[in-house]
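Before any comments, here is the structure.
The values are calculated or read from the model by the stated rules, or taken from the named source; none is laboratory data. Keep in mind it's a predicted model, so treat the numbers as computed, not measured. Neighbour counts run over all protein chains shown; Cβ positions are idealised from the backbone, glycine included.
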Amino acid sequence: MTTSRRKFIKISALGLGGVAATTSAINMFGSNSYLNTLVKENVGEKFKITPTYCEVCFWKCAAWAYTNEDGEIKKIIGNEDDPHCHGRLCPRGTGGVGMYTDEDRLKTPLIRTTVNGEETFREASWDEALDLIASKFNGIKEKHGAESLALLKHGCPGWHFEHLYKSLGSDTIAEPAYAQCRGPRETGFALTFGSWVGSPEPTDIRDTKCLVLIGSHIGENMHNSQVQEMSDAIDNGATIITVDPRFSTAASKSKHWLAIKPSTDIALLLSWMHVLIKEELYDKEYVEKYGLGFNELKEYVRQFTPEWAYGITTIKPEEIRKTARAMGHAAPAAIVHPGRHVVWYGDDTQRERAIAILNGLLGSWGRRGGFYFKEKINVPNFPHPAYPEPKWGWKEIGENFPLAQMGITNELINASIPNKNNKYPIKAWMVAGTNLIKSIPDTIQLKKAMDALDFLVVIDTMPTDITGYADVILPECTYLERSDIVRSATNRQPSIAVRFAAVTPKYNSKPGAWIAKEIGERLGLSKYYNYKDFDEVIDWQLKELGTSKEEMAKIGVKRYPRKSGPMYLNEDETHQFGTASGKIEFYSQELKDLGFDPMPTYTAHPEPPQGFYRLNYGRSPMHTFSRTANNPNLNALKSENNLWVNPKVARILGLKTNQKVWLKNQDDIISNFSIKVRVTERIRWDSVYMVHGFGHDNKKLTRAYGKGIDDTKMISKIFVDPIMGGTGMRGNFVSILTENPHKNTEI
Ligand SMILES: Nc1nc2c(c(=O)[nH]1)N[C@H]1C(S)=C(S)[C@@H](COP(=O)(O)OP(=O)(O)OC[C@H]3O[C@@H](n4cnc5c(=O)[nH]c(N)nc54)[C@H](O)[C@@H]3O)O[C@H]1N2
Ligand SMILES: Nc1nc2c(c(=O)[nH]1)N[C@H]1C(S)=C(S)[C@@H](COP(=O)(O)OP(=O)(O)OC[C@H]3O[C@@H](n4cnc5c(=O)[nH]c(N)nc54)[C@H](O)[C@@H]3O)O[C@H]1N2
Ligand code: SF4
Ligand SMILES: [Mo]
């Protein structure tokens, strides 16, 4: 194949419409499957109820899928016993059935081909597609080593392909949930407390007296039990302090909304430390017992008065003092939330360090109403031989970022662009469950990398943007159509949840577990797949965990007693933290030794030039990233994003609500599509805001195509965190165009 082939294929595939809906949900009643244990009567209709957990986002709420006698999924409801949802799904989880019913789904394997000089996809059988992948992978492995095959993944399918990759001898693996999401907070908290925050976050929100949100927009960010706990905390009279340049839903529920100037949070955090220490509101006993470097910190933050911070953040000194006192009085039942999508300005690990240090001063780590000690149960791996040892992998590729703890997507992408000095050249990708075009900023670099690859396989459920660049597309069935890995998550109490197939896969789609095994066997890796099918693995794992498929089919979620000790610090003992010193490190020798600031420093970030506004983005409660834009149920609730514009800006530019505009960023990148304006006081005048995940390019997404603007396309400038490699994305500026810039061009 030539390199030019990896142009995005816009035209619909050959004969795509011709694939018949094959095995849709036949024989689901009356078969001897373990899935059919529960049948409930409901208004005269009989339902089969199957346990699952949601894949609409990564909170993974446990749920029940209700299937009627015609094999149609009628509804999905939350599992009462599940600590992630307590019986209630968010709007996206309820609408998850749309992932299954969406008629735009990928239906059969597709292979890139050229017809009359035009590139397109042709339908292929599974055998043909899998044989092609195996032969390409074998060829590349022989020539360049297994390490040169990269896996970019997210969500449950990732697990199956990770096993495939490790069996093959490649650890060249990364996911956007690290360098585009949580990475800096995991590094920042590990440096301070010796522990990752992890997911779900061990924030004891239900019992807190004071919750401080730094950007984190819970309520739009719909991570389920967290939203429920925040609502309980509000009912119980907790003080909510929200720091956000936008009047978010959380801000509207807060006692204090600090409308901070974007990018200046570190100054506020340092000033809060100053007040807590100066007014002796910090937890002295805790700091003395567990803190390391408090004296250095005290000396260091002496200069960061609220008056100093006011000049930077635009937050009045009195507000800074008042909010610091509120935290101090609530401590240790106070949480300065670590946030989740925290790749903002490139100094994000340091901002997260500042957040961690504040929690240390408040004595909230290991305390009721602060952070609890989480626990999970390990799901044993089905026995297989040891994986081969790769010569290099994600660690070496990310070696310039000394504290990266997972693969850095953007570094894997860079290593895929030919360069004779590259020690770790990547030649092919498998992309499973991630729409890189929307999830990775700096699309130009991404496209350069894809263009240079020898081979690109995409495994997805939908024809999202990334599929247009593939050589082979494999249609995975949706989470409702497959049995999958046993969910085990960190919570107050360990629990497991199962996902059993509620219906058989529609069209010619297959579960990721099956796809990975088929590829593995074709690559001569049968010894790593020493079972008939994935059901056998689940069966074995559940037995090891002291339960069974039969029991789990009835309960969906099983809780286990804690074994690691109490949820909170025992006041009579001295806890050893996981840091090098065993203490909470206010001063980090590790950072110092690596040449970084041992305590967080505030640095000024670029401001929008004249005529430009900072591009701010976030979540809608009805959508998850780009994955739900075409979902018939969720699209019906919200079909496009809007551009929030302050009335002052609207006046200057003469903009009205619902007017269509286009955007042009600081690098002259112009949005493909238009977006409707929403004039609102809820956004500062120096920024504009939109929900991420819209503006789809692929015409095959009939509902989502061309609706709204893709924020990622506008994020061409990234600010890479030198400590862990995250891509700061909030330093991009846009100007607003009122005339269609594409008037004379077709896109
Ligand atoms: N500009 C910008 N970029 C961002 C963010 C942002 O807010 N703005 N957010 C960042 C964050 S926090 C994160 S975590 C990442 C998320 O990044 P991604 O996980 O890449 O997000 P999605 O865009 O939802 O892409 C998911 C893809 O998986 C497919 N999919 C869904 N279910 C299945 C399944 O069961 N099997 C398979 N094989 N595929 C499936 C969907 O169709 C879709 O193509 O993005 C990051 N990137
Ligand atoms: N409905 C829904 N919920 C989701 C998801 C989803 O796709 N849909 N995705 C999930 C995932 S993977 C993640 S990572 C989380 C992300 O959710 P969060 O971690 O809550 O996201 P953030 O990007 O940190 O926060 C966005 C907020 O930051 C504000 N902000 C922007 N710039 C600044 C600044 O300089 N300072 C301050 N203080 N605030 C600023 C924005 O105005 C916005 O309100 O959401 C999760 N929950
Ligand atoms: S929070 Fe909502 S979308 Fe996410 S797993 Fe739970 S129900 Fe599904
Ligand atoms: Mo994320």
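Residue by residue through the range 148-177, note down the ones that are closer than 17 Å to ASP721 by Cα and near ligand 1 (Cβ under 9 Å from one of its atoms).
Residues satisfying the conditions are GLU175, PRO176, ALA177.
Mind checking which helices (runs of 4 or more DSSP H) fall wholly inside the range 61-146 and carry at least 3 residues that are away from ligand 2 (no atom under 16 Å from the Cβ)?
Fully inside the range 61-146 and qualifying: 97-101, 126-144.
In the range 421-431, what count of residues is obtained for those that are in contact (Cβ under 8 Å) with a residue 24 or more places away in the chain and over 11 Å from LEU456 (Cα atoms)?
To start, the set of residues in the range 421-431 that are in contact (Cβ under 8 Å) with a residue 24 or more places away in the chain comprises 423-431.
Next cut, over 11 Å from LEU456 (Cα atoms) only: 423-426.
Matching residues across the range 421-431 total 4.
From the list ASN616, ASN631, which one is within 16 Å of ligand 1 (Cβ to nearest atom) and either in contact with a strand residue (DSSP E or B) (Cβ under 7 Å, 6 or more places away or on another chain) or of a type in the set (D, E, K, R) (or both)?
Answer to the selection: ASN616.
Looking at the range 155-165, is at least one residue in a strand (DSSP E or B) and under 26 Å from THR478 (Cα atoms)?
We begin by selecting, within the range 155-165, every residue in a strand (DSSP E or B); these are none.
So far as the range 155-165 goes, no, none of its residues is in a strand (DSSP E or B) and under 26 Å from THR478 (Cα atoms).
I'm trying to understand the selection: among the residues of the range 459-481, which are of a type outside the set (S, T, N, Q) and touching a Leu at 6+ places or on another chain (Cβ under 7 Å)? Walk me through it before giving the result.
Let us first name the residues in the range 459-481 that are of a type outside the set (S, T, N, Q), namely 459-460, 462-463, 465-466, 468-477, 479-481.
The answer is ILE459, ASP460, MET462, PRO463, ILE466, TYR469, ALA470, ASP471, VAL472, ILE473, PRO475.
I'm trying to understand the selection: among the residues of the range 385-396, which are within 22 Å of GLY407 (Cβ to Cβ) and assigned to a loop (DSSP other than H, G, I, E, B)?
First pass over the range 385-396, keeping only residues within 22 Å of GLY407 (Cβ to Cβ): 386-396.
Residues satisfying the conditions are ALA386, TYR387, PRO388, GLU389, PRO390, LYS391, TRP392.
May I ask you to list the residues in the range 332-367 that are within 19 Å of THR239 (Cα to Cα) and within 16 Å of ligand 1 (Cβ to nearest atom)?
HIS337, PRO338, GLY339, listed by residue number.
All but one of (1) part of a loop (DSSP other than H, G, I, E, B); (2) under 30 Å from TYR300 (Cβ atoms); (3) within 27 Å of the chain's Cα centre (by Cα) hold for GLU607; state the number of the condition that does not hold.
The single condition GLU607 does not satisfy is (3).
Can ASN630 be described as under 15 Å from GLY98 (Cβ atoms), crowded, with 24+ Cβ neighbours inside 10 Å and away from ligand 4 (no atom under 16 Å from the Cβ)?
Working: under 15 Å from GLY98 (Cβ atoms): yes; crowded, with 24+ Cβ neighbours inside 10 Å: yes; away from ligand 4 (no atom under 16 Å from the Cβ): yes.
When the stated conditions are applied, ASN630 passes them.
Please indicate, with yes or no, whether at least one residue in the range 100-123 is in contact (Cβ under 8 Å) with a residue 24 or more places away in the chain and small (Gly, Ala, Ser).
The answer is no, given that none of the residues of the range 100-123 is in contact (Cβ under 8 Å) with a residue 24 or more places away in the chain and small (Gly, Ala, Ser).
Does TYR531 count as touching a strand residue (DSSP E or B) at 6+ places or on another chain (Cβ under 9 Å) and closer than 28 Å to VAL458 by Cβ? Steps first, please.
On the way: touching a strand residue (DSSP E or B) at 6+ places or on another chain (Cβ under 9 Å): no; closer than 28 Å to VAL458 by Cβ: yes.
Answer is no for this residue.
Among the residues of the range 543-564, what is the count of those that are under 27 Å from LYS289 (Cα atoms) and modelled with pLDDT of 95 or more? Step through it out loud before you land on a result.
First, the residues of the range 543-564 that are under 27 Å from LYS289 (Cα atoms): 562-564.
Add one more test, that the residue is modelled with pLDDT of 95 or more, and what stays is 562-563.
Count: 2.
Which of the following residues is away from ligand 3 (no atom under 16 Å from the Cβ), among the charged types (D, E, K, R), buried (at least 23 other Cβ atoms within 10 Å of the Cβ) and at negative phi: LYS107, LYS153, LYS143?
Values: LYS107 fails: buried (at least 23 other Cβ atoms within 10 Å of the Cβ); LYS143 fails: buried (at least 23 other Cβ atoms within 10 Å of the Cβ).
Checking each option against the conditions leaves just LYS153.
For residues that are acidic (Asp, Glu) and over 25 Å from ILE408 (Cα atoms), tally how many sit in the range 351-394. Working first, answer last.
If we filter the range 351-394 for residues that are acidic (Asp, Glu), which is where we start, we get 352, 375, 389.
From what is left, the residues that are over 25 Å from ILE408 (Cα atoms) are 375.
Selection size over the range 351-394: 1.
Name the single residue, out of those in the range 579-604 being in a loop (DSSP other than H, G, I, E, B) and charged (D, E, K, R), that is surrounded by the most Cβ atoms within 10 Å (Cβ to Cβ).
Quick first cut of the range 579-604, residues in a loop (DSSP other than H, G, I, E, B) only: 579-583, 586-588, 594-604.
In the following step, the residues that additionally are charged (D, E, K, R) were identified as 583, 597.
Values: LYS583: 21, ASP597: 14.
Only one residue fits best here, namely LYS583.
Among the residues of the range 610-629, write down those that are part of a loop (DSSP other than H, G, I, E, B) and over 19 Å from the mean Cα position of the chain (by Cα).
Let us first name the residues in the range 610-629 that are part of a loop (DSSP other than H, G, I, E, B), namely 610-612, 619-629.
Within the range 610-629, GLN610, GLY611, PHE612 qualify.
Can you confirm whether ILE335 is under 25 Å from GLU220 (Cα atoms) and surrounded by fewer than 24 Cβ atoms within 10 Å (Cβ to Cβ)? So that I can check it myself, show each step before the final result.
Details: under 25 Å from GLU220 (Cα atoms): yes; surrounded by fewer than 24 Cβ atoms within 10 Å (Cβ to Cβ): no.
Here the answer is no, as ILE335 does not meet what is asked.
For the range 63-88, how many residues are within 18 Å of GLN228 (Cα to Cα) and more than 16 Å from ligand 1 (Cβ to nearest atom)? Explain how you work it out, then say what you get.
Kept after step one, since they are within 18 Å of GLN228 (Cα to Cα), are these residues of the range 63-88: 63, 77-88.
Still in the list and also more than 16 Å from ligand 1 (Cβ to nearest atom): 77-88.
Of the residues in the range 63-88, 12 are within 18 Å of GLN228 (Cα to Cα) and more than 16 Å from ligand 1 (Cβ to nearest atom).
Just give me the residues in the range 290-318 being within 14 Å of ligand 2 (Cβ to nearest atom) and in a helix (DSSP H, G or I), in sequence order.
Let us first name the residues in the range 290-318 that are within 14 Å of ligand 2 (Cβ to nearest atom), namely 309, 312-315.
Correct list: ALA309, ILE312, THR313.
List pairs: first in the range 553-565 and aromatic (Phe, Trp, Tyr), second at pLDDT 95 or above, Cβ under 9 Å, 6+ apart or cross-chain?
TYR560/GLU375; TYR560/ILE377; TYR560/GLN493; TYR560/PRO494; TYR560/SER495; TYR560/ILE496; TYR560/LEU545; TYR560/GLY546
Has the range 714-724 got any residue that is of a type outside the set (Val, Ile, Thr), surrounded by 22 or more Cβ atoms within 10 Å (Cβ to Cβ) and over 30 Å from LEU403 (Cβ atoms)?
no
Do we find that LEU191 is at pLDDT 95 or above, within 30 Å of ARG614 (Cβ to Cβ), more than 16 Å from ligand 3 (Cβ to nearest atom) and part of a helix (DSSP H, G or I) in this structure? Steps first, please.
Values: at pLDDT 95 or above: yes; within 30 Å of ARG614 (Cβ to Cβ): yes; more than 16 Å from ligand 3 (Cβ to nearest atom): yes; part of a helix (DSSP H, G or I): yes.
So LEU191 fits the description; yes.
Looking only at the range 692-705, count every residue that is surrounded by fewer than 21 Cβ atoms within 10 Å (Cβ to Cβ) and touching a strand residue (DSSP E or B) at 6+ places or on another chain (Cβ under 7 Å) and tell me the total.
2
Name the single residue that is farthest from LEU292 (Cα to Cα) among those in the range 363-384 being out of contact with any helix residue (DSSP H, G or I) (no Cβ under 6 Å at 6 or more places or on another chain) and outside any loop (DSSP other than H, G, I, E, B). Steps first, answer last, please.
We begin by selecting, within the range 363-384, every residue out of contact with any helix residue (DSSP H, G or I) (no Cβ under 6 Å at 6 or more places or on another chain); these are 364, 366-367, 370-378, 381, 383.
This time we only want the ones that are outside any loop (DSSP other than H, G, I, E, B), so: 371, 375.
On the way: PHE371: 19, GLU375: 26 Å.
Residue satisfying both the conditions and the ranking: GLU375.
Given ALA150, ALA177, which one is part of a helix (DSSP H, G or I) and at pLDDT 95 or above? Full working, then the answer.
On the way: ALA150 fails: part of a helix (DSSP H, G or I).
Result: ALA177 is the single residue among ALA150, ALA177 that is part of a helix (DSSP H, G or I) and at pLDDT 95 or above.
If we scan the range 531-545, do we find a residue that is free of Cβ contacts under 8 Å to residues at least 40 places away in the same chain and not acidic (Asp, Glu)?
Yes.
Of all residues in the range 185-212 being among the hydrophobic types (A, V, I, L, M, F, W, C) and within 16 Å of ligand 1 (Cβ to nearest atom), which is surrounded by the fewest Cβ atoms within 10 Å (Cβ to Cβ)? So that I can check it myself, show each step before the final result.
Residues of the range 185-212 among the hydrophobic types (A, V, I, L, M, F, W, C): 189-191, 193, 196-197, 205, 210-212.
With the extra rule that they be within 16 Å of ligand 1 (Cβ to nearest atom), the set shrinks to 196-197.
Working: TRP196: 18, VAL197: 26.
If we take residues in the range 185-212 being among the hydrophobic types (A, V, I, L, M, F, W, C) and within 16 Å of ligand 1 (Cβ to nearest atom), then TRP196 is surrounded by the fewest Cβ atoms within 10 Å (Cβ to Cβ).
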